[in-house]
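Structure first, then comments.
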Amino acid sequence: MSNVETRQVERDSLLLLAQVRVDGSGAEYPVKVRNLSAGGMMAEGKAPVARGAVVSVALRNIGWVGGTVAWKQDDRFGIAFVEEIDPKLARAPVAAGAPDLASPRFTRPPIEAQKLDQLRKI
C-alpha cells in the first residue's frame, strides 16, 4: 500500500498498554498503544527502535504480533504488522475469570457482586 492508501484505513483511537520486543533483543519494553488498525498501530514509549527495525508486540486478547517500524518521531512510532489482526479483539474485555492487570486500574470493572461477600469486613 502506498502512504495515501494507508491513511484511509479505519483506526481505533484508544489507550492500551502493550509490550514491544526488538528483534535480536530479549528485553521487553512497555508502550502505550495510541491507535490501532488491522494493518498496524501507533505506540508511545521508550523502546529503542529505529525505522525498519523488526519488532513483536504483545496485544491484549491477541498475543504476539510481528511487524516492522514504519516511522519514529520522539517517543512515538508506527508499526506495520506482518499479518492483519482484528483490532476489535484488543478492545474486548479480557476472558472471564482472568484479571486484566495490563490495563490501568481505573479502566477495569469494579468488584463483582458475588465476590463482595468474600471480602473481609473490618
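The values are calculated or read from the model by the stated rules, or taken from the named source; none is laboratory data. Predicted model only: the values in this text are computed from it and were never measured.
Residues of segment 1-19 being among the small types (Gly, Ala, Ser) and modelled with pLDDT under 85, which ones? Break it down stepwise before answering.
First pass over segment 1-19, keeping only residues among the small types (Gly, Ala, Ser): 2, 13, 18.
Those that are among the small types (Gly, Ala, Ser) and modelled with pLDDT under 85: SER2, SER13.
Can you find a residue in segment 91-99 that is basic (Lys, Arg), assigned to a loop (DSSP other than H, G, I, E, B) and modelled with pLDDT under 95? So that I can check it myself, show each step before the final result.
In the first step, residues of segment 91-99 are kept if they are basic (Lys, Arg); the result is 91.
Retained after the next criterion (residues that are assigned to a loop (DSSP other than H, G, I, E, B)): none.
Looking for residues that are basic (Lys, Arg), assigned to a loop (DSSP other than H, G, I, E, B) and modelled with pLDDT under 95, one finds none in segment 91-99, hence no.
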